[in-house]
Every structure is written in structure tokens, then in C-alpha cells.
Amino acid sequence: MSNIYLNGQWLPIEQAQISVLDRGFIFGDGVYEVIPVYSRKAFALDAHLQRLDNSLKGIRLAAPLNHDQWRTIISQLVGEADQEDSSIYLQISRGVAPRDHAFPKNTSATVFAMAKPMAPVPQDWLENGIKVVTHTDDRWLHCDLKTTALLANVLLRQYAVDQGAVECVLIRDGFVTEGAASNIIVVHDNTLLFPPRNNLILPGITYDLIIDLAQQHRLPFKEAPVPQTVLLQSSEIMMTSSTREIVPITQIDGKPVGNGQPGPLFKQLLTLYQSLK
Ligand code: PLP
């Protein structure tokens, strides 16, 4: 395994250790990013670093490193990796301090970064689509921040896995928000519907890239609230994320989506996304 970066040091993963009092461990008091790397080049890096800044601001934690410092760390991780395609994981917590909910004074953040091999999206998913289930979105009201406090997302993803599904599509007050670890795009009346970017969803970098592609290629699209009733009558549904890119959803709550096969807009967007990479 390649070296990892921890608080200014480069270490083999077995030697990288943090205190049990780290607030990331005790409270989930931290933020993170996941950045895909193709042929040793980080993809959409500026957008990921911008979102990291936004997450830090949202939890009121001063950025411990600037973008150039992150770029240096990431290029070292990418350069040393055994594989050409990686996913980079960055995490910043509010550091080590005696356990107390309120922010500690004069504590340095814990900064951690690693590269791991990017698992290819299974061919079967792209050819036949995946199964998903729906569930009430019972997370907090700051889902736009990419925080390490992911217990709700963990339980929701496991709810899906327990039913033989790949992802859980979340519904808040009758409207689609996103997946447990992905964004959701729905096709209704031949129009791509993107649930609006607000505090209830993570502004996905892949979601943004796909909106740009839809715009550039004049595909009909709207960023608009998607009622659960529309979701369940849609002709296509897709899930997007940096590591899974764009995946067709062909079964929801045990029922086929459209004709139960990946649809034409998915195929078009997949081709466009692959050429963007
Ligand atoms: N929404 C949630 C809750 C996520 O965890 C993720 C990614 O992990 C996404 C959306 C997709 O974001 P991105 O496309 O930036 O990976």
C-alpha cells in the first residue's frame, strides 16, 4: 500500500495513527472529499477543493491547507500509487482535545489523505441497471456539507443492501432528495429532472458535470423539485457519484423503471461523460 499523508508526515498506513480523543472519532466532527483520478490525473479537482472549502466553512473550521498545498499532496499520492486510476480520500477533523461538545481552543485540525484503487463500475450495472429502494430521508438539514458524520447515510445504505438493492433513494416531505451516497436524476416527459441544489442534498460534482453536459448538448433538462409520484412513474432514473460515475436504475421498490432496461438518455449521458473523462 502506498504511503498516506497525516498531519504533514508521509507514512505507511500501518504506522499512521491518531488519538482516541480526535474529534473526528468522538463526534464525527470533520469533513471529507473523494476525488476520482483517471490515468494519474485528478478529475474536476478545482470543484472538489472548492466544495471542501465550503464544507469547512459550514462547520466553522479554518482551512488548514490551501489549494496549492492540497494539489502537492494529491500529486504525490497519485504519483506513488500502484494503479493508474485511483480515488483520493481527504479528511479534516477538528483535531484532538478533551471530550467536550463545544469547539476546543488552540487545537490544530487533523489532516489525512490517502489514495485507493478505483474499483471499476460493474459492467452488469451499466448493461442491465441496478435495483434501488426508497426510504424517508431522516438526515439533518445540512446535507449540502460533506461531513464525516455519516451514520444516517450508513444506515440508509445498509437498509438498501439488506433488501438486495444497491442504493437507497431518499424522500423528504414527498420529494426526492438524493441517494444515501449519490445524487439522483429522473426522466419524466422526456425531460431530465435534477432535484434542486439546496441544503437538503450534497451538490454533487458529477451531478454538476452532467447538468453542464445536458446544457451543452441541448438535452431537455430542469433543476426542479421531483415529487415521489413522478419518481415512481418516471421512464428513466440514474444515480451519479464520483466513484460510480453514472449508473442506470432499472428497478425501484421491486417495480421496473420504464421498460426495465437502461434508457436512451442514460446511454447518451454515459457516452458524453466517458468522453469528458
Ligand atoms: N450525495 C451524497 C450523500 C454523497 O455521499 C455523494 C458522494 O459520495 C454524492 C451525492 C455524489 O457527489 P459526487 O458526485 O461529488 O461524488
Test for F112: is it in contact with a helix residue (DSSP H, G or I) (Cβ under 9 Å, 6 or more places away or on another chain), aromatic (F, W, Y) and within 24 Å of A149 (Cβ to Cβ):
yes
Filter the stretch 215-259 down to the residues that are surrounded by fewer than 20 Cβ atoms within 10 Å (Cβ to Cβ) and within 30 Å of A42 (Cβ to Cβ), then identify the one that is nearest to the ligand (Cβ to nearest atom).
T243
Consider only pairs whose beta carbons are under 8 Å apart and that are at least six residues apart or on different chains; among these, list those whose first residue lies in the stretch 158-172 and is closer than 17 Å to I237 by Cβ and whose second residue is modelled with pLDDT under 95 and surrounded by 17 or more Cβ atoms within 10 Å (Cβ to Cβ).
none
Does the stretch 156-177 include one or more residues that are near the ligand (Cβ under 10 Å from one of its atoms) and part of a helix (DSSP H, G or I)?
yes
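Please note which strands (runs of 3 or more DSSP E) are completely contained in the stretch 1-83 and include at least 1 residues that are more than 20 Å from T243 (Cα to Cα), at pLDDT 95 or above and among the small types (G, A, S). First the steps, then the outcome.
Numbers: elements: 4-6, 9-11, 30-38.
Here the list reads 30-38.
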What pairs can you find where one residue is in the stretch 4-15 and without any contact (Cβ under 8 Å) to a residue 24 or more places away in the chain, the other is surrounded by 10 or more Cβ atoms within 10 Å (Cβ to Cβ) and part of a strand (DSSP E or B), and their Cβ atoms are less than 7 Å apart, with a gap of 6+ or different chains?
L11/I4
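Does C143 satisfy the criteria of being in contact with a helix residue (DSSP H, G or I) (Cβ under 7 Å, 6 or more places away or on another chain) and either within 11 Å of the ligand (Cβ to nearest atom) or within 30 Å of Q83 (Cα to Cα) (or both)?
Values: in contact with a helix residue (DSSP H, G or I) (Cβ under 7 Å, 6 or more places away or on another chain): no; either within 11 Å of the ligand (Cβ to nearest atom) or within 30 Å of Q83 (Cα to Cα) (or both): yes.
No; evaluated as a whole, the condition is false for this residue.
Which members of the stretch 26-41 meet the condition of being within 16 Å of the ligand (Cβ to nearest atom) and surrounded by fewer than 20 Cβ atoms within 10 Å (Cβ to Cβ)?
Kept after step one, since they are within 16 Å of the ligand (Cβ to nearest atom), are these residues of the stretch 26-41: 28, 30-38.
Listed by number, the residues that qualify are G28, Y32, V34, Y38.
Confirm whether I205 is within 12 Å of the ligand (Cβ to nearest atom) and without any contact (Cβ under 8 Å) to a residue 24 or more places away in the chain.
On the way: within 12 Å of the ligand (Cβ to nearest atom): yes; without any contact (Cβ under 8 Å) to a residue 24 or more places away in the chain: no.
Here the answer is no, as I205 does not meet what is asked.
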Would you check if there is a residue in the stretch 186-202 being more than 9 Å from the ligand (Cβ to nearest atom), buried (at least 19 other Cβ atoms within 10 Å of the Cβ) and under 12 Å from C143 (Cβ atoms)?
yes
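Being aliphatic (A, V, I, L, M) and buried (at least 18 other Cβ atoms within 10 Å of the Cβ) is the requirement here; does L276 meet it? First the steps, then the outcome.
Details: aliphatic (A, V, I, L, M): yes; buried (at least 18 other Cβ atoms within 10 Å of the Cβ): no.
Spelling it out, it is not the case that L276 is aliphatic (A, V, I, L, M) and buried (at least 18 other Cβ atoms within 10 Å of the Cβ).
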Looking at A44, A63, can you tell me which residue is touching a Leu at 6+ places or on another chain (Cβ under 7 Å), farther than 30 Å from K105 by Cα and open to solvent by 10 Å² or more (accessible area, probe 1.4 Å)?
A44
Just checking, which of V121, V111, V132 is touching a residue at least 60 places away in the same chain (Cβ under 8 Å), part of a loop (DSSP other than H, G, I, E, B) and open to solvent by less than 50 Å² (accessible area, probe 1.4 Å)?
V121
Considering only residues of the stretch 84-108 that are open to solvent by less than 50 Å² (accessible area, probe 1.4 Å) and in a strand (DSSP E or B), which is farthest from I4 (Cα to Cα)?
S93
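The values are calculated or read from the model by the stated rules, or taken from the named source; none is laboratory data. Remember, it's a predicted structure, so these values are computed and weren't measured experimentally. When we count neighbours, we look across all protein chains shown, and the Cβ atoms used for this are built from the backbone with ideal geometry, even at glycine. SASA here: full protein model, heavy atoms, side chains in, ligands and nucleic acids out. Shrake-Rupley method; radii C 1.70, N 1.55, O 1.52, S 1.80 Å.
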